[in-house]
Amino acid sequence: MPERPASLTIFGASPSPAVVTVTTASPGQRFVRAARSAAVLWAFAVGFVFVPGLHFVLVPTFLILGAVAGLRQLRGTEVVSGVHGTCPRCGREQDFTAGNRLAPSWMLDCPACHNTLTLTLESESVPSGLTPRA
Ligand SMILES: [Zn+2]
């Protein structure tokens, strides 16, 4: 699913449609990113070995944080590569900054009018319990 329908909203204006382009990171890219984020935190853990009194707390904490951060990167497969839409405030059609992980909604800044917009993905399917049966 390379493109997802979404809407841009801001308080006091009617929402406008947007298109979110999604890329899926390859397993190799994911592994590199996971290893990198784990390595940074594990480097801190090694550094804290030499902090007297605190290393009992800090070393295991950062070892766990490194593992958690690495696992999170391994699972985070969908990355937003582009957002294209019309600003509901100033009405300018443009490409917004992207690069974050795909989420149900997130905040965007309009480069033209510097308002903070909320981007919300359109839900793909209606929950089955709400579908009227023929
Ligand atoms: Zn704007």
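The values are calculated or read from the model by the stated rules, or taken from the named source; none is laboratory data. None of these values were measured; they are calculated from a predicted model. Neighbour counts are summed over all protein chains in view; Cβ atoms, including those assigned to glycine, are modelled from backbone coordinates with ideal geometry.
Among the candidates A13, A18, which residue alone is touching a Pro at 6+ places or on another chain (Cβ under 6 Å) and within 23 Å of S105 (Cβ to Cβ)? Result: A13 is the single residue among A13, A18 that is touching a Pro at 6+ places or on another chain (Cβ under 6 Å) and within 23 Å of S105 (Cβ to Cβ). In the stretch 64-107, of all residues being within 16 Å of the ligand (Cβ to nearest atom) and of a type in the set (D, E), the one that is farthest from the chain's Cα centre (by Cα) corresponds to E93. For the stretch 2-36, residues that are exposed (fewer than 13 other Cβ atoms within 10 Å of the Cβ), modelled with pLDDT of 90 or more and among the polar types (S, T, N, Q) total 1. Scanning the stretch 86-105 for residues that are in contact (Cβ under 8 Å) with a residue 60 or more places away in the chain, assigned to a strand (DSSP E or B) and of a type in the set (G, A, S) yields a total of 0.
For the stretch 37-45, the condition holds for no residue, the condition being that it is within 25 Å of S123 (Cβ to Cβ), among the small types (G, A, S) and buried (at least 18 other Cβ atoms within 10 Å of the Cβ).
Of all the numbered requirements in (1) surrounded by 14 or more Cβ atoms within 10 Å (Cβ to Cβ); (2) farther than 15 Å from P17 by Cβ; (3) at pLDDT 85 or above; (4) away from the ligand (no atom under 16 Å from the Cβ), N115 misses one, and that requirement is (4). When G66 is tested against (1) touching a Ser or Thr at 6+ places or on another chain (Cβ under 8 Å); (2) more than 30 Å from T118 (Cβ to Cβ); (3) not in a helix (DSSP H, G or I), only condition (3) is not met.
When V83, V46 are screened for being hydrophobic (A, V, I, L, M, F, W, C) and part of a helix (DSSP H, G or I), only V46 passes. The set of residues in the stretch 1-38 that are farther than 20 Å from C90 by Cα, without any contact (Cβ under 8 Å) to a residue 40 or more places away in the chain and assigned to a loop (DSSP other than H, G, I, E, B) comprises M1, P2, S26.
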